[in-house]
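K.L.:
One structure coming up, written as structure tokens, with questions to follow.
Every number here is computed from the coordinates shown, using simple stated rules; none is lab data. Since the model is a prediction, treat every value here as computed from it, not as a measurement. All Cβ positions, glycine included, derive from the backbone under ideal geometry; neighbour counts span all protein chains shown.
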């Protein structure tokens, strides 16, 4: 599935995260639909396919990740310190598990990452 996604830019069948959803729910790991309802400041775990990784020169070392699952997209903000700790994972893994705090601001939901892991 990841190879198809990489070559085609889309998945012709189910989204790869749909295969993980039952197990993720057992561990209270949220998807894009659930995280938007979480109050500001609450700690969560989210998982998804890394589809965008941005680090604009004007962002003072902050990195911005977009994770995708079967229901939509999730914004993840990674501080320079967290990026330094998890750089290898962020640069090498396609499926990420993020633990962090929800930031609800102006109708936009972000997850401020504290830990980053690969999803196996």
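K.L.:
Just subtract the alpha-carbon distance of residue 89 and residue 28 from 0.36 nm times their residue separation and send over the number in nm, one decimal.
P.N.:
Taking residue 89 through residue 28 to full extension adds about 19.8 nm, to one decimal.
K.L.:
Which order do peptides 62-70, 101-109 fall in by mean Cβ count within 10 Å, highest first?
P.N.:
Those peptides, ordered most packed to least, come out 62-70, 101-109.
K.L.:
What percentage of all Cα-Cα pairs in the chain are separated by more than 22 Å?
P.N.:
30
K.L.:
Can you give me the distance in nm between label points at residue 54 and residue 40, each placed 7 Å from the Cα along the Cα-to-Cβ direction?
P.N.:
A separation of 2.2 nm, rounded to one decimal place.
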